[in-house]
Structure formats: C-alpha cells, structure tokens
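What follows is a short report on a single structure.
The values are calculated or read from the model by the stated rules, or taken from the named source; none is laboratory data. A quick note: this is a predicted structure, and the numbers were derived from the prediction, not measured. Using ideal geometry, Cβ is built from the backbone for each residue, glycine included, and neighbour counts are taken over all protein chains shown.
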Amino acid sequence: MTDPDNLSAPAQADVPEELTLAGDFPAPTVDQWHKEVLKVLNRGRPEGKELTLDKAMARLEPTTVDGIKFEPMYTRQDAPEHLGVPGVPPFTRGTTIRTGSIDAWDVRSLHEDPDAAVTRKAVLTDLERGVTSIWLRIGADAIAASDISTVLADVMLDLAKVEVSSRDDQAGAAQALLDVVKASTVEADRISFNLGLDPIGFAALNGGTPDLSGMAEWVGKVKDFKQARPFVVDSTIYHNAGAGDVAELAWAIATGIEYVRALVEQGVSAADAFESINFRVSATHDQFLTIARLRALRTLWNRVGEVFEVPAAQRGARQEAVTSWRELTRDDPYVNILRGTISTFGAAVGGAEAITTLPFDAAIGLPNGDFTRRIARNTGIILSEESNIERANDPAGGSFYVESLTTTLEQAAWGEVQAVEAAGGMAKALTDGHVAEVLDKVNAERAARLANRKQPITAVSEFPMMGARSVETKPFPATVERKGLPWHRDAEVFEALVDRSAAAADKPKVFLACLGTRRDFGAREGFSAPVWHIAGIETPQCEGGSTAEIVEAFTKSGAQVVDLCSNAKTYAAQGLEVAKALKEAGAKAVYLSGAFKEFGDDAAEAEQIVDGRVFLGMNVVDTLSTALDTMGVAK
C-alpha cells in the first residue's frame, strides 16, 4: 500500500521536454487521404462506374444558397499567417475585449406584448433573473410608444441598457424613449440606450423611398449621452426576407456606408457617424457561418472606416445578434430550444456585444407566462456564466476552417457591396429592385433545397413527430399589412401541408403495404413512413402476407393511397401482383419505395401502374401535395 507521506515528485529526467502525442505515427499525406475518400465513396459501385477523384471531391464540397463553397478539408495554408489580436484594427477578432467577467455580452430580452402591465412585469422578471439589457418593440401591433415609461418604470437606467425598434413609427418610438431618458434623475453619462432608427430598413419593411434627411438631428439629440447611439443597421430584416449570409453581410455594410455618407453631408464628422451606428445581425443554427459572418462584418466595417479616414480606435463595429426567426418552427416547438442554443453560442463565439435569444414559441404567438421567456434568457445566461465562453476572446480564431470561411465571406460580400454601389447605393438598390432580385434567386434555391431535403428541418421535414406537444401562447395582435419585403419562415411550406391534413374531415392516410418479412421491408418502411408524417398523414400498415391479405388490410385501413415497401427480391416476386390488386381494390394512387428496376422483368409494366416513387432526394413537397390532392383534401 502506498504511503501518502512518502510521495515524491518524479525526477526531472522522467518528464520529457516535449510531449508529441502523434510522434510515433507517420504523418499522413493528402494522396493517402484521397485514396481513403475514393475507397469509401466507391464502395458498392459497379466496376467501371467508380467516381473519379474530381467527382468524389465535388460530393464533399457543398455550397450555401448564395454560393459559398465548403472544402472537404482545411489546412494551415487556408489561415492567415498573422492572426492579429482582439480590440484593434481590423477588428476581425473582436471590437470589444472580454476580460472573463460573466457579463461578457449583454443578455438582451425582447419585449413586444401590447399589454403594458404584462410587459412591465416581464421586464422586471427578466432583469431580476439575469438579463442585462432590454429591447422594446414599439408599434401598432406591439408596445404603444405612450407606454414606454410604464414598462420601464422599474428599470434602473444606470444598470440596464434599453433599446427600442419599430416597424411602423421609428421616429415616434425613438422620441418616446428619449423623453423617458431625459426625465430620469440618473446622470446622462451613466445611461446606455439606442433609439433604433433605421430608415433604409424601414423602407425595406414598408416599401417606399428611404428618407435619410434629418439623421444629423438625432445625433444632436443624444450628444449629451456618451453611451447612446441613435441608429441600428438591422440586417435581420433581410435575413427574415430570405437573404443568405453573403447578402445579409453585404447589405449591412452597404447600409452603414449610406448612413455615414448622409451624416457627413449633414455636417456630422465621419468619426461621429461611426460612433452613432450599431448593427443588428441574425444568428443561425449554422454556428460556423454565424461566427464567420460576425467576424467578417467587423473586418469590412474597419475597411470602410479606413476609406472615410475614421481614427483607428473608432472603426470597430458593435453587433447585436438575434437568433433567427426565419428558422423557428411552429410544430414541435421544443426543438427550437436547440436551435436557439446553437445560434446563441455562435453569436457569443463570434464576438457579439449583445445577444437576444428569441422564445422558442415565437413562431406561434406571444409568450403566455414566464416559461418560454425563462428558457430564452437562461440560454444566454448559462452560456455566459457556465460555459466559459466569456473567458476567451475570439475562441474560434486560428481555426483553419473559420479563418478561411471568414475570408471567403468577406470577399463575396465585398463583391455584393460593390454591386450595390454600382447600382447607386443601398437605398437605390432597394427601391430599384436589385435587393428583390437577389432575394428571389436565393429564395428559389432555398425552396428547392427544402423540398428535396438537402436542407432538412429537424422535427419538420426530418424526424417529424405525429401529435407532438405544443405550447399555449397569446395570439399575435392584428398587424397592418406591410408593402415591403415579405417575411417567411423556412418551415411554412411544410406547416401548410400539416394544416391541410388537420382540417380534413377524414384523417388522410397512406397505407404502407409492407411485403415479405421485416428483413425485407424494414429499411424502406423506416424511411417512407416519416415522409408521409411530414404532412401529418397517418400510415396504417400490414406486415407481409398474401396478396389477398394485403388487400384486405388496405380495405380495412380506410386509406385511399398506398406505398409499397420492400426490397428488390420481394418486389420481383410479388410487387406487380400486389400493385395491380390494390388498384383494383380502389387505391387511387400507388407509390413505390424504391426503384422500378427492382421489379426485374416486370419493371416496365410496374412503371405504368405505379403513380410515383418515394426515394432519397425526392421533392417531398410536390409528392405530399399531390397525394393530398388525390385524397381530395382541400387546400
């Protein structure tokens, strides 16, 4: 037994000066890796039809909806030789320096309930439980401007930052907050707030021509408040309208450029113009794109500052990140907690100065009670206080992948900035249709990817749960029709299918005709049933049996549509016979999980009888819509 009193440190000679964990293994070469890639991707392919190296690599190089390509592997050559440091130009690694304190970024909560008493209580609850700043949305469908003093009545303005925004009356919201601040007894230097003015963003929401006149007046109105800024470049407007990472980043920079120009023309120095602008950006479930986009925005804004001859210390972009509304789902909303966590994490690692995690029921209605607000605020608080992110500045810096992705985004976005400048600036690009043209192209590409599930939505287009629990919310207030860029969530096309099924007098059903034994049909059944569940269609089934038994089970199920599920051996032996019998028994449509060639000699005849196929890469939206049409389900 070891005597603890006689323990001694090992001799210095026993400790290696340098510990190389992989030192006994030869360094692999790129050629060796290529061989392994080909071995995996060509596994099972017929002789003579193997993929070439170029084709194999192409399969490992996906692109985003706006054309950003991901390499299958990144090396040291993909990262800059000198990384720089946070807090100094070009600010890629951060505008502000984190010191390890738990308030490394503002945990900011959004409030928009028109009931002033409810909002006042919710604001106080958030602040008492760890939120550090408040964002109020003001408008006809949100908090009334006249109620700002009420909802902020319990807020200590020297401790909590306050920001307002409005979709219908930005000037009214800004002035109302300014009046509350001026009436406060707190010293002006200790109050931090933002008036949320974004004239180009307002036009993007409502249509019309952006009005940049009078911007300098707002700079003058907050001159006595050293911690106040009047303007926010809100790029989430374009994100919610469908913009990809490149366009969102580029249009944020282009808008900022236009604001600086307008302010300079109105007598404000470029340096003071920079000090009056914040950026509100989206944070998505793609954590790496979020991290890279925030880093790229700071780099590009620093470059803009160089052109405007802004002093180096004042070129840093301050970013307020908001988790993506466009990515929220109405059905199975608890999965949104995961989306919000990843998005918040990406924004934190990316160096945002403030982060708003939207409640996970924000696609359904206003929070009814404190539960969903609690989850939202605790997401940011836990990441801030328990995950140690706050202890590191730019923790992703130096990653070959992140550095390369940051540079790629910078270059692509700068190209779009130049296109906007060539069009006459952001205001003109918006009103003349350039912005809408870019959005139409990206939205069309995204719609195709959503439909064929190359861009899956967990719990909606992948792994849907029939009868998933929801949450009770307050209905959204009636809104005034906006004539600007329309907003849509990615999941809406699938939710519309679910709504069709839910509204049907008779629950839509697709009968799964599982042929043979479970060994034969199990894989196809496991793939196909969730496809039908995407639209809320039930899937009664049989498991093997004779043709007569399968037809009997179909008749009893009450279904009008059938999906054959099995393997090639069973299809060749029984598939055509079953398909014919089901059609004769009244099936309005028969689908095949698999390929026609699996019917062997009957393939040509099967193709004439079977109405469609269920397979990986199919357009599930078209297939499900057609099936519901066949069953007579109203749109």
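To keep it simple, each residue is scored yes or no on (1) aromatic (Phe, Trp, Tyr); (2) touching a Leu at 6+ places or on another chain (Cβ under 8 Å); (3) free of Cβ contacts under 8 Å to residues at least 24 places away in the same chain; (4) assigned to a loop (DSSP other than H, G, I, E, B).
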{"position": "Ile355", "(1), (2), (3), (4)": "no, no, no, no"}
{"position": "Asn378", "(1), (2), (3), (4)": "no, no, no, no"}
{"position": "Glu403", "(1), (2), (3), (4)": "no, yes, no, no"}
{"position": "Lys428", "(1), (2), (3), (4)": "no, no, yes, no"}
{"position": "Val438", "(1), (2), (3), (4)": "no, no, no, no"}
Inset, instruction - Name the single residue, out of those in region 43-68 being closer than 25 Å to Arg449 by Cα and polar (S, T, N, Q), that is surrounded by the most Cβ atoms within 10 Å (Cβ to Cβ). - result: Thr64
Inset, instruction - List every residue pair whose Cβ atoms sit under 6 Å apart, with the two residues 6 or more apart in sequence or on different chains, where the first one lies in region 501-529 and is of a type in the set (Asp, Glu) and the second, anywhere, is assigned to a helix (DSSP H, G or I). - result: Asp520/Thr570
Inset, instruction - Considering only residues that are outside any loop (DSSP other than H, G, I, E, B) and touching a residue at least 60 places away in the same chain (Cβ under 8 Å), look in region 536-574 and name the one that is surrounded by the most Cβ atoms within 10 Å (Cβ to Cβ). - result: Val561
Inset, instruction - Report yes if some residue within region 121-135 is outside any strand (DSSP E or B), within 31 Å of the chain's Cα centre (by Cα) and acidic (Asp, Glu); otherwise report no. - result: yes
Inset, instruction - Could you look through region 144-164, keep only residues that are within 26 Å of the chain's Cα centre (by Cα) and either closer than 15 Å to Ala122 by Cα or among the hydrophobic types (A, V, I, L, M, F, W, C) (or both), and pick out the one that is surrounded by the fewest Cβ atoms within 10 Å (Cβ to Cβ)? - result: Val162
Inset, instruction - Scan region 597-617 for residues that are farther than 21 Å from Asp629 by Cα and in a loop (DSSP other than H, G, I, E, B) and jot them down. - result: Leu616, Gly617
Inset, instruction - Report whether or not Pro114 is in contact with an Asp or Glu (Cβ under 9 Å, 6 or more places away or on another chain), in contact (Cβ under 8 Å) with a residue 24 or more places away in the chain, over 21 Å from Glu390 (Cβ atoms) and assigned by TED's automatic domain parsing to the domain that holds Val349. - result: yes
Legend entry - Number of positions in region 72-119 that are of a type outside the set (Ser, Thr, Tyr), in a loop (DSSP other than H, G, I, E, B) and closer than 23 Å to Ala347 by Cα: 21
Legend entry - Set Thr119, Thr96, Thr132, Thr125: member being of a type outside the set (Gly, Ala, Ser), outside the structural domain of Ser192 (by TED's automatic domain parsing) and touching a residue at least 12 places away in the same chain (Cβ under 8 Å): Thr96
Inset, instruction - Would you kindly identify the helices (runs of 4 or more DSSP H) lying entirely within region 230-324 that contain at least 3 residues that are more than 21 Å from the chain's Cα centre (by Cα) and surrounded by fewer than 24 Cβ atoms within 10 Å (Cβ to Cβ)? - result: 245-265, 270-274, 287-307
Legend entry - Hits in region 446-467 (condition: on the phi < 0 side of the Ramachandran plot, buried (at least 18 other Cβ atoms within 10 Å of the Cβ) and either without any contact (Cβ under 8 Å) to a residue 24 or more places away in the chain or not hydrophobic (A, V, I, L, M, F, W, C) (or both)): Arg446, Ser461, Pro464
Legend entry - Phe527 being surrounded by fewer than 19 Cβ atoms within 10 Å (Cβ to Cβ), among the aromatic types (Phe, Trp, Tyr) and farther than 22 Å from Arg339 by Cβ: yes
